[in-house]
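J.: Just dropping this structure here.
The values are calculated or read from the model by the stated rules, or taken from the named source; none is laboratory data. All values derive from a computational prediction rather than experimental measurement. Counting neighbours? That spans all protein chains shown, and the Cβs are built from the backbone with ideal geometry, glycine included. Just so you know, the surface numbers come from the protein's heavy atoms only, side chains and all, with ligands and any DNA or RNA stripped out. Shrake-Rupley method; radii C 1.70, N 1.55, O 1.52, S 1.80 Å.
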Amino acid sequence: MPYSESKALNIFLSYAHEDQAIADAIANKLREAFFNTVEITMMSEFPSGLGWRELIDNAIEKTDVLIAIASGRLKPGHSFMGYEIGSFHFSTRGKPFMALAPNNRRRIIPFAVLDRTPAVVDEFEGISIDPNSLHDLRFDSSNVESSIQSLSRDGSDEATAKVFKFMADIQDMVTEAVGNDAPFVRMKDRVQQLHKLSYELAGLLLSGISNRVRDEKIPRSKLMIRIIPNEKEVDVLANATVETQGPCQDSFGITSDTQNLDWKGFLKFASGPDVAYEWDMSFRQLITDASKNNIIENNTIISYDGTNLFRLFVAKLTTFYSGKTEFTIYIIPLLRPADYGDKQTTALLRALQVSLGYRFMFLESMSEFSPAIMTAASLETFQTKVSKMRRSLNVLLQVSKEAKLDDPSIILSILGLDSVNDVPELYRLWDTQKAALYEAAKQVLSEQPVSEERKAHFIRQLRIFSDHTRDMNKRYTTCVMEALQKIVSHEPVS
């Protein structure tokens, strides 16, 4: 609470919001140690609903000692401390001495609870502090519990001794300001009492530190997409901002762990307009569905270089009174299902998954991406269907890659040793047709809007792709099923 008119040393505790527990512990022990000879003001005890700047200025104008609390890390709440310390410095220019002790200067006492490693208390950087006035309680970050267990009631340990020195210095200032009327002056066991309070305070501070976050790392790619409503903007992402957190090199080609971009700047990290289009469509779909509280079961995105797939999911959607919305989105590598069989049957399982998946996508009359179905698609939806086709095919290719189905020994175990001379030609045929199809898809996704001519070119290439790979797929699928049949039929019945 703000100071009263009683005869007491006025102490102001300045601290960041993150250090509230430290401030509470210090305030409680100072009040217990010095009774009514100190009056402590801290912002958490200000009445709510009042102008805090005016309250701080009024309180600091009467402050004799400002205790600046730090814990060795810059924090979002640091600006509060900066204002209070700056206000105190300004106040001491016009009134340098304490009201109760006209010969004693008003002063700042830094109290730091910090790890042994940092040499500088960042919160005090740029502020002129007398090194002799700094009090600190240092701890071993690798094992705070051992520091707590080593505390001693007699003050023989380093931590308790440092807190005792802090309490003794406060007592000296109180005595100088209040005089011999202070009740603790005549206490016979005063030293033992201060040791006891110092021991308790050191324990409280270290216990509080042990429950705080020491370090925070983001092991996965994370995006914060913030959308600010604008009645003039029909496009919801036109004025969106993107903040990347964590490792985003593999997914988005962004090397720094934290990056702030506008939407167009984010899309520039894509290797080409086709990848940028897929990013744009994937995030738009994700945001639209999340806004409607729809759960995305399988929303994927292609990597910046078009080589890998990642899965997107919205972890949190925050809406502000201003109308701004914030989407917290995680990007994780596409998960591969666990394998339970031996090496041979596992390879055959993946081979069957890839070959049948490919057949279902392209080669059946009603396959979603067959030439006939794609021809019937409207021009307005054509880019979306081509994007979906490329992502779906990438999933199959990634399964094939992870299962090492291109390993010569696996290929020959499926097709048979008599096919050894055919394998190079099969590789050449597949690589040529896949490259041509991907190039046609890239052209479709790079054109805004897509033209009838571009659509017709893609359909022609899709038909050539399907015709040239149909027999290959039939042969491969048949061989995989025959190999599985041999294994199953020759296994003994248990």
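J.: Would you mind calculating the gained length between residue 18 and residue 404 on full extension (0.36 nm times residue separation, minus the Cα-Cα distance), in nm to one decimal? Don't skip to the end; give the middle numbers.
T.: Details: separation 386, 0.36 × 386 = 138.96 nm, distance 5.07 nm.
This chain segment gains 133.9 nm when fully extended.
J.: Kindly write out, for segment 21-36 in residue order, the coupling ³J(HN,Hα) from the Karplus curve 6.51 cos²θ - 1.76 cosθ + 1.60 (θ = phi - 60°), rounded to whole Hz, with x marking Gly and Pro.
T.: 5, 5, 4, 4, 5, 5, 4, 5, 6, 5, 5, 5, 7, 10, 6, 8
J.: Additional query: Using alpha carbons only, how many degrees (0 to 90, rounded to 10) separate the axis of helix 52-61 from the longest principal axis of the chain?
T.: The helix 52-61 is inclined about 30 degrees to the chain.
J.: Treating the beta-carbon of each Lys and Arg as +1 and of each Asp and Glu as -1, no other charges, what is the dipole magnitude of the chain about its Cα centre, to the nearest 20 debye?
T.: On the way: 56 positive and 65 negative charges, 87 e Å.
Charge dipole, the chain, about its Cα centre: 420 debye, nearest 20.
J.: Using the heavy atoms of the protein chains and a 1.4 angstrom probe, tell me the accessible area per residue for the chain in square angstrom.
T.: About 54 Å² of surface per residue is accessible.
J.: Calculate one ³J(HN,Hα) per residue across segment 177-188 by plugging θ = phi - 60° into the Karplus curve 6.51 cos²θ - 1.76 cosθ + 1.60, and present them in order as whole Hz with x for glycine and proline.
T.: 7, 8, x, 6, 6, 4, x, 6, 4, 9, 7, 5
J.: How do the peptides 271-277, 108-114 rank, highest first, by the average count of neighbouring beta carbon atoms within 10 Å per residue?
T.: Listed from highest to lowest mean packing, they are 108-114, 271-277.
J.: Another question, if that's okay. What FRET efficiency comes out for the pair residue 481/residue 436, r = Cβ-Cβ distance, R0 = 35 Å, nearest 0.05?
T.: Plugging the Cβ-Cβ distance into 1/(1 + (r/R0)^6) gives 0.75.
J.: Also: Tell me, what % of the accessible area of the chain is carbon and sulfur with a 1.4 angstrom probe?
T.: Looking at the chain in its full context, I get 54 percent from C and S.
J.: Count charges around residue 152 for me, please; just the other residues with Cβ under 14 Å from its Cβ, Lys/Arg as +1, Asp/Glu as -1.
T.: -1
J.: While we're looking at this one, here's another question. Return the whole-Å distance between the Cα centroid of segment 265-335 and the Cα centroid of segment 438-465.
T.: Here the answer is 24 Å between Cα centres.
J.: Test of the criteria: in segment 302-341, which trypsin sites (Lys or Arg not before Pro) are in a DSSP loop and have at most 15 other Cβ atoms within 10 angstrom of their Cβ?
T.: 324
J.: Quick one: 3J(HN,Hα) in Hz for segment 245-255, Karplus 6.51/-1.76/1.60 with θ = phi - 60°, rounded, Gly and Pro as x.
T.: 9, x, x, 10, 5, 5, 8, 10, x, 9, 7
J.: For the pair residue 143 and residue 5, what calculated FRET efficiency results from E = 1/(1 + (r/R0)^6), where r is the Cβ-Cβ distance and R0 = 35 Å, to the nearest 0.05?
T.: Here the calculated transfer efficiency is 0.15.
J.: Which of the GluC sites (Glu not before Pro) found in segment 223-282 are in a DSSP loop and have at most 16 neighbouring Cβ atoms, other than their own, within 10 Å?
T.: Those satisfying the criteria are 231, 233.
J.: Could I ask something else about it? Fully extended, how many nm does the chain gain between residue 474 and residue 153 (0.36 nm per residue separation, minus their Cα-Cα distance)?
T.: Here the answer is 107.3 nm.
J.: Right, next: With each label point set 7 Å from Cα along the Cα-Cβ vector, what nm distance links residue 93 and residue 380?
T.: A separation of 6.7 nm, rounded to one decimal place.
J.: For Cα pairs less than 8 Å apart in space and 6+ apart in sequence, what is the mean separation divided by the residue count of the chain, i.e. the relative contact order in percent?
T.: Relative contact order of the chain: 10 percent.
J.: Let me ask another. Of the trypsin sites (Lys or Arg not before Pro) in segment 357-449, which ones lie in a loop per DSSP and count no more than 15 other C-beta atoms within 10 Å? Walk me through the numbers before you get to the answer.
T.: Working: sites: 359, 385, 388, 390, 391, 401, 404, 428, 434, 442; in loops: 404.
Of the trypsin sites (Lys or Arg not before Pro), the ones in loops of segment 357-449 whose Cβ has at most 15 other Cβ atoms within 10 Å are 404.
J.: If you don't mind, there's one more thing I want to ask. When ranked by the protection proxy of mean other Cβ atoms within 10 Å per residue, highest first, what sequence do the peptides 253-264, 164-175, 148-159 form? Walk me through the numbers before you get to the answer.
T.: Working: 253-264: 14.2, 164-175: 18.4, 148-159: 15.8.
Output ranking for 253-264, 164-175, 148-159: 164-175, 148-159, 253-264.
J.: If you restrict to DSSP beta bridges whose two residues both lie in the chain, what percentage is antiparallel, to the nearest 5?
T.: Roughly 60 percent of the beta bridges in the chain run antiparallel, per DSSP.
J.: Relative to the compact globular guide of 2.2 N^0.38 Å, what is the alpha carbon radius of gyration of segment 367-471, as a ratio?
T.: So the Cα radius of gyration is 1.23 times the expected 2.2 N^0.38 Å.
J.: Okay, moving on. Let's test the formula: R0 of 35 Å, r as the Cβ-Cβ distance of residue 260 and residue 452. What FRET efficiency results, to the nearest 0.05?
T.: 0.30
J.: May I pose another question? Using 0.36 nm per residue, how much length does the chain from residue 181 to residue 104 gain when fully extended, once their Cα-Cα distance is taken away?
T.: Computed gain between residue 181 and residue 104 is 25.9 nm.
J.: Here are several values of Rg and Dmax of the Cα atoms in Å: (1) 38.2, 155; (2) 35.0, 107; (3) 23.5, 75. Which one was derived from the coordinates shown?
T.: Here Rg and Dmax of the Cα atoms in Å agrees with entry (2).
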